[in-house]
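The values are calculated or read from the model by the stated rules, or taken from the named source; none is laboratory data. These figures come from a predicted structure and were not determined experimentally. Please note: Cβ atoms are built from the backbone with ideal geometry, for glycine as well, and neighbour counts cover all protein chains shown. Quick note on the areas: whole protein, heavy atoms, side chains included, nothing else; ligands and nucleic acids left out. Shrake-Rupley method; radii C 1.70, N 1.55, O 1.52, S 1.80 Å.
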Amino acid sequence: MRFLKIPNLPESDVVLAAVSHTYPGILSGLTGLGVKVIPVQPAKFLEPPVQSHADLLCQPLGANRIIAAKGEESLKLALENYGFRIAESAFMIESPYPKDCALNAARIGKFLIANKKIIDPNLLYYLNKENIKFVDVRQGYAKCSVAIADEKSIITADCGIQAAALKAGFSVLKIQPGFIKLAGFPYGFLGGACGLIGKRKIAFAGNPVYHPDYQKIKEFLDCRKIEIISLYDGPLLDVGGIIPLMER
């Protein structure tokens, strides 16, 4: 096993990922594909539906470096057991918005899609050291809102993210908002319902065939030779993302 050099963009099959502990079917689906799971436990300062969302509580920095939410000792210990070097967020990750999304930024190679005004200062420090280029957006839940297909391609339902990403040179598929379940909220986000588990493999919490834009999603991914893997047969579910951490 080796650490991902570039966050969210595996070069080979993923063997370790961080995912919410809440959905046993998702965890077993990943395990059946050879992906060990760090089940993210509830963070008591977040609203119950999102308390264990990995994309709110950690942000890989590349190699064995990762920033995790301040005070989340169980997550830190689990990551340290695999050899990660942990930096903590400067502030508590807590509800309400925007304090809950200070780590919720979409890192894609040398780019970061995020609302720069609300990023945690410690995360900002590490990103500035690496000369990461900001794609500044109004959406605070940027990682939730972005499904990463490859280093230059994303899928989103957010018009602001679409415009900013296109300006930065990304290929963007814009889909309809909604049609993704998230308990306690009107709907969830596509980025929170998926994650890359291989260079050309994307796993979904649910089956995207139930989304009205499935054909567009399939064609966009097919064009990039990215295989769609459904972890169970049912509507898409925002689980806080599938965060790839280590690969073969």
Cut-off 12 Å between beta-carbons: net charge of the residues surrounding ILE67, Lys and Arg +1, Asp and Glu -1: +2
Length gained when the stretch ARG65-SER12 is fully extended (0.36 nm per residue, less Cα-Cα span): 17.2 nm
For peptides 30-39, 133-142, 153-162, sequence by mean Cβ density within 10 Å, most packed first: 153-162, 133-142, 30-39
Per residue accessible area of the chain, 1.4 Å probe, in Å²: 42
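With a 1.4 Å probe and all protein chains left in place, how much of the accessible area of segment 2-247 comes from carbon and sulfur atoms, in whole percent?
Working: 5650 of 10210 Å².
About 55 percent, which is the carbon plus sulfur part of the accessible surface.
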DSSP bridge pairs, segment 2-247: antiparallel proportion in percent, nearest 5: 50
Of [x] 19.2, 62; [y] 22.2, 76; [z] 16.0, 43, the label for Rg and Dmax of the Cα atoms in Å derived from the coordinates: [z]
Separation of the LEU166 and LYS116 label points, Cα + 7 Å toward Cβ, nm: 2.2
